[in-house]
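What follows is a set of notes on a single structure, which appears directly below.
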Amino acid sequence: MPELPEVETLRIQLSNLIVGLKITDIQILHFKSFIGDKKLTLQRKITGVRRFGKMLVIDFTGDHSLAVHLKMTGQLILRQNRQLKYISRYTGVVTNLPNKHTRVIVSFTNGDRLFFNDIRKFGWMRIVRNETMKQLNNVTMKIVSLKEILSKLGPDPLRDLTLGKFREILKSSKRPVKIVLMNQEKIAGVGNIYANDALFLSKIHPQKPADKVSEIESKVIFHKLLKVLKDGLKWKGASKTNFVDVFGQKGSMQEHFYVYSREGKICANKCGRKIKRMTLGGRGTFYCPKCQHLI
């Protein structure tokens, strides 16, 4: 699943490419992938693109926004006429669009098109009421508000998560620290990749109860978590599975993993031990048995 760095990469790119444009049409190829009346977005000027955890929000003039969640296998790929030469210079990019995994096609006034692809069909685009809407009628009452969608999200590590708040989050749970890091109601945006690597850099075992993490350890985890998230953003995300940026190009964070998906390989700390894998909370969990003791 695309995590905070992957979705933030998309936000930055889309902000540079679609802000100021208007949507002329939305073609829905899989009805469950788009929720709401697409007419509410047509001919509305795009004013910005925001990210909340792993979700994007495309804002328009007026009272509605378009929320997008990629879930496990979603992709957002923009096609411009001028991109054709650019694409031919790269390998590993998505070139055949639309394809059998395309669920929604958004067309803009300048002729560009945004393709929402999703292999497993878990992702969605959804019309939401934005924060400026004051008067509600029977129609708008049926449209979920953005505030309601965001109400259960925890603080964002790159925006409003403080060390003090992070300590409180860990102390409030007896669950394994890795599971707490991945709980979107506790901390928004962190998933399996960056939780694994942050704990490795912190030399904390993934199974250690969160409330048993010391004040010093919580400080280390906090800063290492910020480091791996910023590294992910630097390398334009991890494309171990399906993630690509808006140009259809893969990120390269997977070339810089510390433990994630490195089962059987020698520890990056050169301690001589091999990375092990276990299942924790239903997710593959990677750790070094020597560097990350379970005390």
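The values are calculated or read from the model by the stated rules, or taken from the named source; none is laboratory data. As the structure is a prediction and not an experimental result, all values here were calculated from the model. So basically every Cβ, Gly included, is an ideal-geometry build from the backbone, and we count neighbours across all protein chains shown.
Would you confirm whether or not segment 215-236 contains a residue that is farther than 15 Å from residue 53 by Cα, basic (Lys, Arg), in contact (Cβ under 8 Å) with a residue 60 or more places away in the chain and touching a Gly at 6+ places or on another chain (Cβ under 8 Å)? First the steps, then the outcome.
Within segment 215-236, the subset farther than 15 Å from residue 53 by Cα is 215-224, 227-228, 231, 234-236.
Imposing the further condition that a residue be basic (Lys, Arg) reduces the set to 219, 224, 227, 234, 236.
The next check asks that each one be in contact (Cβ under 8 Å) with a residue 60 or more places away in the chain; those that pass are 236.
Then keep just the ones that are touching a Gly at 6+ places or on another chain (Cβ under 8 Å); that gives 236.
Yes, segment 215-236 contains a residue that is farther than 15 Å from residue 53 by Cα, basic (Lys, Arg), in contact (Cβ under 8 Å) with a residue 60 or more places away in the chain and touching a Gly at 6+ places or on another chain (Cβ under 8 Å).
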Subject >> Pair list, Cβ under 7 Å, 6 or more apart: segment 36-57 residue among the aromatic types (Phe, Trp, Tyr), other residue crowded, with 18+ Cβ neighbours inside 10 Å >> reply: 52/188
**OP:** Would you mention how many residues in segment 80-115 are at pLDDT below 95 and in contact with a helix residue (DSSP H, G or I) (Cβ under 7 Å, 6 or more places away or on another chain)?
**Re:** 2
Original post:
Can you name the residue in segment 234-246 that is in contact with a helix residue (DSSP H, G or I) (Cβ under 7 Å, 6 or more places away or on another chain) and of a type outside the set (Gly, Ala, Ser) and, of all such residues, is surrounded by the most Cβ atoms within 10 Å (Cβ to Cβ)?
Top reply: 243
**OP:** Report the residue count in segment 1-25 for those that are buried (at least 20 other Cβ atoms within 10 Å of the Cβ) and touching a helix residue (DSSP H, G or I) at 6+ places or on another chain (Cβ under 9 Å).
**Re:** 8
Original post:
When you scan segment 162-202 for helices (runs of 4 or more DSSP H) that lie fully inside it, which ones turn up with 1 or more residues that are touching a residue at least 60 places away in the same chain (Cβ under 8 Å), crowded, with 24+ Cβ neighbours inside 10 Å and out of contact with any Cys (no Cβ under 9 Å at 6 or more places or on another chain)?
Top reply: 177-182, 192-202
Subject >> Given (1) surrounded by fewer than 15 Cβ atoms within 10 Å (Cβ to Cβ); (2) at pLDDT below 90; (3) closer than 22 Å to residue 145 by Cβ; (4) not small (Gly, Ala, Ser), number of the condition residue 61 does not satisfy >> reply: (2)
Subject >> Within segment 97-133, considering residues that are touching a Leu at 6+ places or on another chain (Cβ under 9 Å) and among the hydroxyl-bearing types (Ser, Thr, Tyr), the one nearest to residue 2 (Cα to Cα) >> reply: 102
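Here's the yes/no breakdown for (1) among the aliphatic types (A, V, I, L, M); (2) more than 17 Å from residue 108 (Cα to Cα):
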{"residue": "1", "(1), (2)": "yes, yes"}
{"residue": "5", "(1), (2)": "no, yes"}
{"residue": "28", "(1), (2)": "yes, no"}
{"residue": "42", "(1), (2)": "yes, no"}
{"residue": "76", "(1), (2)": "yes, no"}
Original post:
If you check 231, 211, which single one turns out to be touching a Ser or Thr at 6+ places or on another chain (Cβ under 9 Å), surrounded by fewer than 20 Cβ atoms within 10 Å (Cβ to Cβ) and not in a loop (DSSP other than H, G, I, E, B)?
Top reply: 211
**OP:** Would you mention how many residues in segment 34-52 are farther than 29 Å from residue 3 by Cβ and either out of contact with any strand residue (DSSP E or B) (no Cβ under 6 Å at 6 or more places or on another chain) or surrounded by 15 or more Cβ atoms within 10 Å (Cβ to Cβ) (or both)?
**Re:** 4
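Could you list all residues from segment 261-295 that are part of a loop (DSSP other than H, G, I, E, B), closer than 15 Å to residue 176 by Cβ and in contact with a helix residue (DSSP H, G or I) (Cβ under 9 Å, 6 or more places away or on another chain)?
281, 292, 295
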Original post:
Within segment 108-125, which residues are assigned to a strand (DSSP E or B) and not aromatic (Phe, Trp, Tyr)?
Top reply: 113, 114, 117, 118, 125
